[in-house]
Amino acid sequence: MSRDRETLAVYDAKATEYAATFDAKPSTALANFIAAMPRDAHVLDLGCGPGTSARTMAEAGLTVTATDASPEMVALASRVPGITVREEDFDALTGTDLYDSVWASFSLLHAPRAAFPRHLAAIATALKPGGRLHLGLKTGTGEGRDALGRFYTYYTPSELRDLLQAAGFTLLETTEGRERGLAGSVDPYILIAAHA
């Protein structure tokens, strides 16, 4: 996650509520992501929140490193057995050929537009050759704050395809829908599966 103070303050204040709201059975996207992983794959959960997805991945036998910039979210994720959790923002991702896959589910939408290509490039570098990326974002245009004060950058599907291809990714699958979020609004979103 980015280091936007207002956004982090919201997640710190609402970490327990967030965990209760989104602590449901695994989504189809997560089940498909896990099914596509090689045995003993090492996954980075980038912007892990309370560790809900990380827990499911670890229970499926994956090695999981989970990062988030919210201290309260990291505290909750640290209670999940079998995963490594670090308090880090997106810029802390460095290194080459570290992970078999990266799960970035509704986290990179908090990065400023100007930083997004840099983050995608860092993910591509950190992935092993052929590594898989799951990217979940709200769709739209522009930047702004939601009703809770969280900062968002919105992208159209075509923008995202171009940005991912520019970072060296090949798109495998996209899914679009609408869902109610923490702020109570029902927003359009896109899920993208790609490989490096």
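Values quoted throughout were computed directly from the atomic coordinates according to the rules given, and no laboratory measurement underlies them. Just so it is clear, the model here is predicted, and its values are computed rather than measured. Note that we place each Cβ from the backbone using ideal geometry, even for glycine, and neighbour counts take in every protein chain shown.
Data for the structure
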{"quantity": "Label-to-label distance, nm, for residues given as Asn32 and Arg118 (7 Å Cα→Cβ offset)", "calculated": "3.2"}
{"quantity": "Along the chain, longest interval not containing exposed trypsin sites (Lys or Arg not before Pro), exposed being DSSP loop plus at most 15 other Cβ atoms within 10 Å", "calculated": "80-196"}
{"quantity": "Neighbour-count order for Leu164, Leu62, fewest beta carbons within 10 angstrom listed first", "calculated": "Leu164, Leu62"}
{"quantity": "Helix-only mean residue ellipticity at 222 nm for the chain, each DSSP H run of n ≥ 4 adding -39500 (n - 2.57), per residue, nearest 500", "calculated": "-8500 deg cm²/dmol"}
{"quantity": "Distance from segment 103-147 to segment 24-57 (C-alpha centre basis), Å", "calculated": "16"}
{"quantity": "Most mobile listed residue (Pro112, Pro81, Pro71) in the chain, GNM with C-alpha springs under 10 Å", "calculated": "Pro81"}
